[in-house]
1. Identify the single condition in (1) in contact (Cβ under 8 Å) with a residue 60 or more places away in the chain; (2) within 8 Å of the ligand (Cβ to nearest atom); (3) open to solvent by less than 10 Å² (accessible area, probe 1.4 Å) that M60 does not satisfy, given that it satisfies every other one.
2. Does S41 satisfy the condition of being part of a loop (DSSP other than H, G, I, E, B) and either in contact with a Lys or Arg (Cβ under 8 Å, 6 or more places away or on another chain) or not β-branched (V, I, T) (or both)?
3. Quick check on region 78-111: of everything there that is in a loop (DSSP other than H, G, I, E, B) and more than 6 Å from the ligand (Cβ to nearest atom), which residue is nearest to the chain's Cα centre (by Cα)?
4. Please go through region 97-120 and give me each residue that is over 12 Å from A83 (Cα atoms), of a type in the set (K, R) and either surrounded by 16 or more Cβ atoms within 10 Å (Cβ to Cβ) or touching a Pro at 6+ places or on another chain (Cβ under 7 Å) (or both), ordered by number.
5. Just checking, does region 172-193 include any residue being within 16 Å of the ligand (Cβ to nearest atom), of a type in the set (F, W, Y), within 14 Å of the chain's Cα centre (by Cα) and open to solvent by less than 70 Å² (accessible area, probe 1.4 Å)?
6. For the condition open to solvent by less than 70 Å² (accessible area, probe 1.4 Å), of a type outside the set (D, E, K, R) and out of contact with any Lys or Arg (no Cβ under 6 Å at 6 or more places or on another chain), what is the one hit in Q155, Q150?
7. I'd like the full set of residues that are open to solvent by 40 Å² or more (accessible area, probe 1.4 Å) and more than 9 Å from the ligand (Cβ to nearest atom), limited to region 123-132.
Amino acid sequence: MVWEIKTRYDLDSPSVFSAMLQVPRDKFSPKEYRHSAYGDSPVPIGHGQTMSQPYTVAFMTDLLNLKGKERVLEIGTGSGYQAAILSLLAKEVFTIEIIEDLARKARKKLAKLNFKNVYTKAGTGGVGWLEKAPFDAILVTAGIEGEVPQVLFDQLKEGGVLVAPVGKGSDKMMTKFFKGEDRKIKKEEHGIFHFVPFVRK
Ligand code: SAH
């Protein structure tokens, strides 16, 4: 899978690839899709949601530029796979999932596989996670229609990065936002990706 990503796309991120080699993606797939867990495609996880395509996971994770000391907020736990990858690259990962059943399953899986620095929560990520803020990095893994909720920028440290797929319809622009020391937000666009919708609540 990692070899496929490396050869097919112009992405070279040794630390991200090393994390991907350590996380068993099949363990985060429902049983009936385990055989296809190492293909470069999304996997259905129930409730109309999917575990993101491995290339997308690699690309988003690379944009965060993690060095190992960060506290990261993920919005959209889904299967827990992306959170597991982040946990190997950052100090602590806080992850929120709006569908309770998925949140519960991901929590169980992450515990079983011994990802100890991942903290899960069922609920909406649209309000962030105030008790655990501020974060060095925030990753939204569902497609946002319209603006990124301001509260997420409020919970980002100065000097922090927020990565989110943003835009109208099913084509979302992968956007990297930087919060400067002056609290101003700058952004960079990184191409079109497809995502399940971010639920505004
Ligand atoms: N990171 C996941 C990808 C899951 S798809 C993985 O590795 O498997 C995106 C997830 O975002 C879905 O599970 C969806 O239920 C969740 N989601 C959508 N809107 C949300 C919101 N407002 N708060 C929290 N989770 C949300």
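The values are calculated or read from the model by the stated rules, or taken from the named source; none is laboratory data. What you see is a predicted model; the values in this text were computed from it and never measured. We place every Cβ from the backbone using ideal geometry, glycine too, and count neighbours over all the protein chains shown. The protein model used for the area step is the full one, side chains on, heavy atoms only, and it has no ligands, DNA or RNA in it. Shrake-Rupley method; radii C 1.70, N 1.55, O 1.52, S 1.80 Å.
1. If we test M60 against (1) in contact (Cβ under 8 Å) with a residue 60 or more places away in the chain; (2) within 8 Å of the ligand (Cβ to nearest atom); (3) open to solvent by less than 10 Å² (accessible area, probe 1.4 Å), just (2) comes out false.
2. Numbers: part of a loop (DSSP other than H, G, I, E, B): yes; either in contact with a Lys or Arg (Cβ under 8 Å, 6 or more places away or on another chain) or not β-branched (V, I, T) (or both): yes.
It is true that S41 is part of a loop (DSSP other than H, G, I, E, B) and either in contact with a Lys or Arg (Cβ under 8 Å, 6 or more places away or on another chain) or not β-branched (V, I, T) (or both).
3. First, pick out the residues of region 78-111 that are in a loop (DSSP other than H, G, I, E, B): 78-80, 88-91, 98-99.
Okay, now just the ones that are also more than 6 Å from the ligand (Cβ to nearest atom), so 80, 88-91.
Values: G80: 9, L88: 13, L89: 12, A90: 13, K91: 15 Å.
Of everything passing the filter in region 78-111, G80 is nearest to the chain's Cα centre (by Cα).
4. K105
5. Looking through region 172-193, at least one residue is within 16 Å of the ligand (Cβ to nearest atom), of a type in the set (F, W, Y), within 14 Å of the chain's Cα centre (by Cα) and open to solvent by less than 70 Å² (accessible area, probe 1.4 Å).
6. Working: Q150 fails: open to solvent by less than 70 Å² (accessible area, probe 1.4 Å).
It is Q155.
7. L130, E131, K132
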